[in-house]
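What follows is a short report on a single structure.
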Amino acid sequence: MAEKPIQGEKRVFMTGNEVVAWGALAAQADIMYGYPITPQNEIMHYWSRLAPKHGKKFLQTEDEISAGFTTIGGTIIGARAFTGTSGPGNTLMQEPMSMAEMYRVPAVFIIQQRGGPSTATVIYSQQEVTLTTFGGNGEGYRIVYSTATHQELFDYTIKAFNTAWKHRFPTFVLADGYQAKMREPLTIYDPEAKGIEMVPTVPTLGKEGVPGVDRPPVHMTNTRNTEEELYEVVKGLQAAYEEMWPEVEEHEAVECEDAEIIIVCHGVVTRSARVAVSQLREAGIKAGYFRPITLRPFPVEPMKQSIKGAKQLLMVESAQGQLARLVKDSIYGSTIPIEPMFRPGIGISSEEIVEKVQSLIK
Amino acid sequence: MAKLVKIALAGEGGQGVQSVAGILVDAAYDEGKEALYIPNFGVEQRGGVSIAFCQISDERIGAPKFEKADIVIALSDRAVRRCAQYAGPETVFLYDASITGIEDDLPGPPVKVLGIPALKVAKDELHPRVFNVVILGATIKATGVMTLDQVKKALEKKLGYKFEQNPELRELNYKALERGAELIGAVL
């Protein structure tokens, strides 16, 4: 076994794409499959530079459809495999992602959101929320973590592999072009040194022994012949998804207890909300923020609890209401007014949030 | 020094603003500060306005981009036009004095607008290739976030292997850094 890529822990200053490559390495990922697209490219660049030194592999495929399917293939034979993509690549990859839901394949996908629709910008957005949570045909049996800082990007890249392999649903780390390209300090570490044990991987196909003689044969199919048969399969997936839901859902609620106005956001926008809330509190305004970390499964009960005393919600996202749709569905029945602050494809500063809250309070 | 310093560096793709930003935040990080740097450009390989948003602080930094910068440094006509939006009442707006045709595009009072002859100094006194290092020196001086010595260390880290091969390059870069700082000292 090769020497550990990170001994203990180490303070570093790097881009988010580099952070993901180091996170996957720390998580003992075996292989990355990928096809280049900005702003995700450097995950591949760093991984393909780091991987050979640590006995890991990389395969560049002919497109994103193939990158998705090869990731599934690798995962099925028991490799801790992942891929990364963005924007139009995320659109193309929906078919393999959907297959991973049907087969319960614990593949890991890193998404660096760029602007949309179509080619749009290579810079930034939060417009891939709907696509990443519910993009495939089917019911969205996926786990989606939305990160805000480089530290979280590292932590959740490691965690994504464990959540995937423990619960056997495809797992996503949803970041964005800002997180991909910006540099900030963080601490990278060997998971073991933090008491994090990597969930062992097991092959689904290609197990030891002769099928039918030494062990039962494995039959994988994503095809169903009758409506009733499919109904049973989907209900089974639904039951498994609901069972893991409370264990997997995560959120962050800050200063919500006595807050009159609660900012609802996710991902990198949380950074602006954090600064805004502290400035608003200093000015004597009772503001807080609620942020789902898992966009799927959505932290429904924690959100209901956190907002129950609020007089108003301010929904802030770099998309035209993609998070808002998830939220409204989750808090159905709540009569707290919702004020939208939708900025599709553009960054949101703390100053803008402060200004908006002040205008609402008046 | 203020707790948080926000810098927007902008120029034509290829002018080296991203390299300058990289060295700047590296130096800050090495000094134990919180630093955040995000490049911003379009899909083009060359040309187009390239902006580097940098923030240096003693505390954890919020959003990667900001509304108004403490210091804007614009190195081309298009960069001047693009970056006027980042200038507020507290902003120092620096531009290269050789840029023409932007008189009507420069932000008005209360923004402090200053032209510095960085390109001229690089060309006439040093070497055109160290233009971005002159800018780095000017940025350091204008923000006061670090000392020139601290930035020299970061330069050494980034270019040390080249300096080893040709010690004159070290001299040239250090000189460029100092001249950049002097240009600011003269106008601020």
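The values are calculated or read from the model by the stated rules, or taken from the named source; none is laboratory data. This one's a predicted model, so the numbers in the text were calculated from it and none came from an experiment. Here Cβ is always computed from backbone atoms with ideal geometry, including for glycine, and neighbour counts include all displayed protein chains.
Give A:Gly195, A:Gly209 a once-over and let me know the one that is on the phi > 0 side of the Ramachandran plot and at pLDDT below 95.
Values: A:Gly195 fails: at pLDDT below 95.
From the options A:Gly195, A:Gly209, the qualifying one is A:Gly209.
The residues of region A:20-50 that are assigned to a helix (DSSP H, G or I), in contact with a strand residue (DSSP E or B) (Cβ under 8 Å, 6 or more places away or on another chain) and surrounded by fewer than 21 Cβ atoms within 10 Å (Cβ to Cβ) amount to a single one, A:Ser48.
If you go through region A:131-153 and pick out every residue that is of a type outside the set (A, V, I, L, M) and within 12 Å of the chain's Cα centre (by Cα), you end up with 7. Sort out which residues of region A:339-357 are away from chain B (no Cβ under 14 Å), surrounded by 15 or more Cβ atoms within 10 Å (Cβ to Cβ) and more than 17 Å from B:Gly62 (Cβ to Cβ), and write them in order of number. A:Glu339, A:Phe342, A:Pro344, listed by residue number. Restricting A:Thr149, A:Thr171, A:Thr221, A:Thr130 to residues that are modelled with pLDDT of 95 or more, under 20 Å from A:Ala240 (Cα atoms) and among the hydroxyl-bearing types (Ser, Thr, Tyr) narrows the list to A:Thr171. Could you list all residues from region B:83-107 that are more than 14 Å from chain A (Cβ to nearest Cβ) and more than 21 Å from B:Ile184 (Cβ to Cβ)? Across region B:83-107, the qualifying residues are B:Thr100, B:Gly101, B:Glu103, B:Asp104, B:Asp105.
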